[in-house]
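The values are calculated or read from the model by the stated rules, or taken from the named source; none is laboratory data. The shown structure was predicted, so the numbers you read here are calculated from the model rather than taken from an experiment. Because the Cβ atoms are built from the backbone with ideal geometry, glycine has one as well, and the counts that use them run over all protein chains shown. Surface areas here come from the heavy atoms of the whole protein model, side chains and all, with no ligands, DNA or RNA. Shrake-Rupley method; radii C 1.70, N 1.55, O 1.52, S 1.80 Å.
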Amino acid sequence: MLFLHFMIKNTYNVVGVMSGTSLDGVDLVYVKFQWHTIWKFDIVYTETVSYTPKWKAVLKKLVFNSVDELENIDVAYTEYMASVINRFIKKYNIKALDAICSHGHTALHRPENQLTYQIGNKPNLANLVNKLTVCDFRTQDVKLGGQGAPLVPIGDRLLFSDFDFCLNLGGFANISTTVHANTIAFDICPVNIVLNHYVKLLGFDYDDKGNIATSGRINNKLLEALNALGFYQEKHPKSLGLEWVNTHVFPLIDSYNLEIKDILRTCVEHMAIQIASEINKKNKGSVLVTGGGAYNNFLIKQLKHHSKNDIIIPSNSIVEFKEALIFGFLGVLKLRNEINCLKRVTGASKNHSSGKIYYP
């Protein structure tokens, strides 16, 4: 109780840490959260630390590892995450720091089997950074029968309530909104996890501004097949993982034997259609767009073409670091023992305060 009493205050300085499925790198944000009837935040420092080729290769193949192999990778990855966090703290000479709040990296996500595994969340992370650490946000939700995702919507509701929709275009497109005073959120479709996979065959990490996709042509049969995937007919809560893409998306696309530019063009159209089908459920709503896909000008253009909603792209720090920001916020809510995981979003049996707190 002494700990909870100590952590209930009006101002928190935390480092939020996030690694997404698109493998861009580790996103870090030093942020100050303030509570005065509503939550406000001030982003002070941000940085993305790109993965080395070695780590990128390891992370790309995580879904093919056994649980025992993941345990070994987890040990090394936790040490790696600690070194990245320590360099960030030292680089920006961060002194006032209540906690490190880290998502880790998703290695395995099979909520239907009550299984999810985020590497980089071992208890010794707190010792390695010598700071109070809040992490492993998904495990408890899955144990409570939830999807363990998405977790960002509580942050959308409390930090970005001015918008009708919060749309993140990362490895996957996910969205949160409020319906009848209840927050709902779910994954819509794959985005960068597919686009980056194919553009890498041309020697690029990503399709800059969507220029390669722009030069391609839509293959209508592939477009129809993608739009017909069963996931799109499922009711939320629902979430996607790399396993689903490996099983349902890549084999389907590859069966058409198309040029890369035509694959990209068709996939962009598919993504715009699927996303628009969700945001069009509110007429003339405002849509906050974040994540790396916000810089894909062609995808944004096609999204605007398929929707009449107001598509808003905020400052770069929010576009690139919103998820790291919100995982920092989830950590703050956990320290206050307040709800940070919504059952209507994940499908869990109850709202709860998720995450594990480790002391150095």
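If you consider only alpha-carbon coordinates, what radius of gyration and Dmax does the chain have, in Å?
Using the Cα atoms of the chain, the pair Rg, Dmax is 19.7, 63 Å.
Longest span of the chain, sites excluded, free of chymotrypsin sites (Phe, Trp or Tyr not before Pro) in DSSP loop with at most 15 other C-beta atoms within 10 Å? Working shown, then result.
Details: sites that count: TYR92, PHE204, TYR256.
Longest run free of exposed loop sites: 93-203.
Roughly how tilted is helix 316-335, in degrees to the nearest 10 and between 0 and 90, from the longest Cα axis of the chain?
It works out to around 40 degrees.
Given the whole protein assembly as supplied and a 1.4 Å probe, what does the accessible area of SER83 come to in Å², nearest 10?
40 Å²
I'd like the accessible area for GLU323, computed on protein heavy atoms only with a 1.4 Å probe and all protein chains in place. Round to 10 Å², please.
50 Å²
Any chance you could give the angle, 0 to 90 degrees and rounded to 10, that helix 297-306 forms with the longest Cα principal axis of the chain?
Approximately 70 degrees, to the nearest 10.
Which three semi-axes in whole Å describe the equivalent ellipsoid of the stretch 78-170, each the square root of 5 times a Cα gyration tensor eigenvalue, listed largest first?
26, 20, 11
Rounded to the nearest 5, what % of the DSSP beta bridges within the chain are antiparallel ones? Walk me through the intermediate numbers first.
Working: 42 of 56 bridges.
Beta bridges within the chain, antiparallel portion: roughly 75 percent.
Can you tell me the FRET efficiency between ASN127 and ILE8 if r is taken as the Cβ-Cβ distance and R0 is 41 Å, rounded to the nearest 0.05?
That pair, ASN127 with ILE8, gives E of 0.95.
Based on DSSP H runs of at least 4 residues, each adding -39500 (n - 2.57), what is the mean residue ellipticity at 222 nm of the chain after dividing by all its residues, to the nearest 500 deg cm²/dmol?
Details: 14 runs with 136 residues, N = 360.
That calculation yields -11000 deg cm²/dmol at 222 nm.
Tell me the relative contact order for the chain as a rounded percent, counting alpha carbon contacts under 8 Å between residues six or more apart.
The normalised contact order for the chain reaches 22 percent.
Starting from one equal scatterer on each C-alpha and no solvent at all, send me the Debye-based log10 I(q)/I(0) for the stretch 206-279 at q = 0.13, 0.23, 0.26, 0.27 Å⁻¹, two decimals.
Each listed q maps to, in turn, -0.40, -1.18, -1.34, -1.38.
Suppose R0 equals 51 Å; then what is the FRET efficiency for GLU224 and ASP68 from their Cβ-Cβ distance, rounded to the nearest 0.05? Show your work: numbers first, answer last.
Details: r = 42 Å, r/R0 = 0.82.
The pair GLU224/ASP68 has a calculated efficiency of 0.75.
The stretch 3-42 to the stretch 170-238: how many Å between their Cα centroids?
If we compute the Cα centre of each part, the gap is 28 Å.
Could you order HIS305, HIS197, HIS109, HIS248 so the one with the most accessible surface comes first? Probe is 1.4 Å.
HIS305, HIS248, HIS197, HIS109
For the stretch 151-242, what Kirkwood radius comes out of the mean inverse Cα-Cα distance, in Å?
15.2 Å
Run a plain Debye calculation on the stretch 242-360 (Cα atoms as equal point scatterers, no solvent) and give log10 I(q)/I(0) at q = 0.12, 0.13, 0.24 Å⁻¹, rounded to two decimals, same order as the q list.
-0.69, -0.79, -1.24
Suppose the Debye formula is applied to equal point scatterers at every Cα of the stretch 186-310; what is log10 I(q)/I(0) at q = 0.09, 0.17, 0.23 Å⁻¹?
-0.23, -0.88, -1.60
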